[in-house]
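The values are calculated or read from the model by the stated rules, or taken from the named source; none is laboratory data. What you see is a predicted model; the values in this text were computed from it and never measured. A quick note on method: Cβ atoms are made from the backbone with ideal geometry, for glycine too, and the neighbour counts reach across all protein chains shown. Only protein heavy atoms, including side chains, enter the accessible area calculation; ligands, DNA and RNA are left aside. Shrake-Rupley method; radii C 1.70, N 1.55, O 1.52, S 1.80 Å.
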Amino acid sequence: MFGLFKSKPFQDGQLGEFRRSGRYWKGSLVAVPCGTFRLALAGSREAPDPVALGLAKELPDRFKSLMPKIQTGLFEHYAPYKEAIEAGEETGSPCPSVAGPEAVWRHVTPAHVLVEPLGGVSTVEIAFKVAWDVEHTVGARFQNWQFIELNGSVRGQ
């Protein structure tokens, strides 16, 4: 009976197949040099939102230009963990030595990319698992390809 209400897969020539799960269309996206992210796009029951799909298609070509803002945000997120370890406090996570913003990349792994409206504006959230905070997924958010924030605890997609 529930199969009657299930959305049919959506096929995109560039990004491949998407399947609807919950509120999102789910697929995957490769962003060099980081690797493959789970991809979640806002949309209707019939298809991903065209704006969300368009932003997802743009991301692979834009990713390298976004990396400086992402790495700065990640390093700023890392700093309090390093300071806590140096002060003898327990952080609940191993704390690698990260020399500067450019060095964060070997300590993060791709988690997801979420494209949905936030405050009425289409937002691209690029999320990572980070070695210094194993309990949270950290997400860099962009609107109009401008960095708006690094959120220290985003929902997994």
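Quick rundown of the values:
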{"item": "Unique match (being on the phi > 0 side of the Ramachandran plot and out of contact with any Pro (no Cβ under 7 Å at 6 or more places or on another chain)) among Gly35, Gly88", "result": "Gly88"}
{"item": "Cross-chain or 6+ apart pairs with Cβ under 7 Å, the stretch 77-96 first and within 16 Å of Val138 (Cα to Cα), then polar (S, T, N, Q) and modelled with pLDDT of 85 or more", "result": "none"}
{"item": "Any hit, the stretch 135-149, residues being part of a strand (DSSP E or B), modelled with pLDDT under 95, open to solvent by 40 Å² or more (accessible area, probe 1.4 Å) and within 23 Å of Thr36 (Cα to Cα)", "result": "yes"}
{"item": "Qualifying residue in the stretch 47-68 (condition: more than 12 Å from the chain's Cα centre (by Cα) and of a type in the set (S, T, N, Q))", "result": "yes"}
{"item": "Subset of the stretch 95-121 [part of a strand (DSSP E or B) and modelled with pLDDT of 95 or more]", "result": "Val108, Thr109, Pro110, Ala111, His112, Val113, Leu114, Val115, Glu116, Pro117, Val121"}
{"item": "Residue selected from the stretch 97-122 under the condition within 18 Å of the chain's Cα centre (by Cα) and among the aliphatic types (A, V, I, L, M), by the criterion most open to solvent (accessible area, probe 1.4 Å)", "result": "Leu118"}
{"item": "Residue match in the stretch 77-89 (condition: open to solvent by 40 Å² or more (accessible area, probe 1.4 Å) and at pLDDT 90 or above)", "result": "yes"}
{"item": "Those strands (runs of 3 or more DSSP E) lying entirely in the stretch 1-71 with at least 3 residues modelled with pLDDT of 95 or more and open to solvent by less than 20 Å² (accessible area, probe 1.4 Å)", "result": "24-31, 35-42"}
